[in-house]
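Undergrad: Got a structure here, written out as C-alpha cells. Questions coming.
The values are calculated or read from the model by the stated rules, or taken from the named source; none is laboratory data. All of these numbers come straight from a predicted model, not from anything done at the bench. A quick note on method: Cβ atoms are made from the backbone with ideal geometry, for glycine too, and the neighbour counts reach across all protein chains shown.
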Amino acid sequence: MKAVVFDIRVNSLFSIRVPYTWQSALSYVLPPPSSIIGLVANAVQRYNNDKHPLEYLKQVENLVEWAGAKLLTPAVTKSYTTSAITKWLYAIGEKATNVLGRQYVYTKNIRIAIVVNDASFAEGLKDILKVTPLTCGDSESLVSVEDVLVFNAEKLEYKKDEEVVTEYPAILDFNKIELINGGGLIYPMHKRCLKAEPTKTKKGSKGESSYPLYNYILPVSSKECIFYPSSLTFKVKDTIYGYKIDHIGKVII
C-alpha cells in the first residue's frame, strides 16, 4: 500500500455542507472522506480529460482504501446570510429566491492523506495534484497544493486493550473503541462518494443500495471559538483495523 500526503492552502473561505442542514447550513471543519475522494477524482479527470467525470470517480473509489484530513493551522467558522435562487422562470409576484444561513470555515493549511492500493497511481498523483486547479467543498473555493509526498503504508490489526494514538478523524464506534484522551467535534460523514451496489437477497431479488453516514470524531480542540489541531487516544475494545503511514503515524479505518 502507498499513502499520498499533500498539504493544501485554502485561498478563501470554504464550506462543505453537513447533510440535513439546509435552511441554516453547517459546514465541516475538515473535508470528510467523500469530499477528499471527490477532490482527487476531479483532479484526475481535469488532468486526463478523456472520460466522463463519473468514470474517474469510480476509478478513484476503487483505488482509495482510506482518506482523512487534519488541521495544520487554527481554524475559525463564520455564518453568513445568503440569498439562493430557487427558480429562473417565474410570474410577476411569485417568489424566486430563498434566504438561507450558511456557515463557512477559514484556515490557512490542511493536510490530506489517502491510502491507495496502486503504487503507480500514487506516483502519478504527484504531478496531477501539482498542476491541476483544485477546489474545496461545495462552495468550490480555490485551494493551492504546496507539497505532495508518497510514503509506504502498512495495514495493521489493532487488538483488544491496545492503545492507538491518531491525528486523523476516526469512526466513533463505542462497541469497538473507547476514547481515553483528547476530544474533538463529532460529525456524520460519508466514507465514499458513490452508493454501494445493491445486494442480492436469498430469493434472488436486489436489495436497496447503501449510502450510510458514520459518526466521525475530528481531532480538534476549541478555545474562544478557534479550533486547533489535536490528537486522539483510543483503547481498543474489539478488533479494528487501520494503517501505519511512514512519517505520518497511525490511522483507524
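Undergrad: Name the single residue, out of those in the range 163-192 being small (Gly, Ala, Ser) and over 25 Å from residue 61 (Cβ atoms), that is nearest to the chain's Cα centre (by Cα). Reasoning before the result, please.
TA: Initial filter on the range 163-192 (small (Gly, Ala, Ser)): 170, 182-184.
Next cut, over 25 Å from residue 61 (Cβ atoms) only: 182-184.
Details: 182: 21, 183: 19, 184: 16 Å.
Among those that are small (Gly, Ala, Ser) and over 25 Å from residue 61 (Cβ atoms), it is 184.
Undergrad: Looking only at residues in the range 30-52 that are in contact with a Ser or Thr (Cβ under 7 Å, 6 or more places away or on another chain) and of a type outside the set (Phe, Trp, Tyr), which one is nearest to residue 104 (Cα to Cα)?
TA: First, pick out the residues of the range 30-52 that are in contact with a Ser or Thr (Cβ under 7 Å, 6 or more places away or on another chain): 43, 46-47.
Checking which are of a type outside the set (Phe, Trp, Tyr) leaves us with 43, 46.
Working: 43: 23, 46: 26 Å.
Across the range 30-52, the extreme among qualifying residues is 43.
Undergrad: Then there's this: Can you confirm whether the range 18-31 contains a residue that is in a loop (DSSP other than H, G, I, E, B), more than 15 Å from the chain's Cα centre (by Cα) and under 20 Å from residue 194 (Cβ atoms)?
TA: yes
Undergrad: Take the residues in the range 210-243 that are more than 27 Å from residue 75 (Cβ to Cβ) and touching a residue at least 24 places away in the same chain (Cβ under 8 Å); name whichever of them is surrounded by the most Cβ atoms within 10 Å (Cβ to Cβ).
TA: Only one residue tops the list, namely 240.
Undergrad: Given the condition at pLDDT 95 or above and acidic (Asp, Glu), answer yes or no: does some residue in the range 240-248 qualify?
TA: yes
Undergrad: Just give me the residues in the range 149-171 being crowded, with 19+ Cβ neighbours inside 10 Å and either part of a strand (DSSP E or B) or among the hydrophobic types (A, V, I, L, M, F, W, C) (or both), in sequence order. Outline the logic, then answer.
TA: First, the residues of the range 149-171 that are crowded, with 19+ Cβ neighbours inside 10 Å: 153, 158, 164, 166-170.
Answer for the range 149-171, where residues must be crowded, with 19+ Cβ neighbours inside 10 Å and either part of a strand (DSSP E or B) or among the hydrophobic types (A, V, I, L, M, F, W, C) (or both): 153, 158, 164, 166, 170.
Undergrad: Which one is surrounded by the most Cβ atoms within 10 Å (Cβ to Cβ) among residues in the range 172-200 that are of a type in the set (D, E, K, R) and in contact with a Pro (Cβ under 9 Å, 6 or more places away or on another chain)?
TA: To start, the set of residues in the range 172-200 that are of a type in the set (D, E, K, R) comprises 173, 176, 178, 191-192, 195, 197, 200.
Okay, now just the ones that are also in contact with a Pro (Cβ under 9 Å, 6 or more places away or on another chain), so 191-192.
Values: 191: 20, 192: 17.
Among those that are of a type in the set (D, E, K, R) and in contact with a Pro (Cβ under 9 Å, 6 or more places away or on another chain), it is 191.
Undergrad: Checking residue 133 against (1) within 28 Å of residue 27 (Cα to Cα); (2) in contact with a helix residue (DSSP H, G or I) (Cβ under 8 Å, 6 or more places away or on another chain); (3) surrounded by 14 or more Cβ atoms within 10 Å (Cβ to Cβ), which test does it fail?
TA: The one condition residue 133 does not meet is (3).
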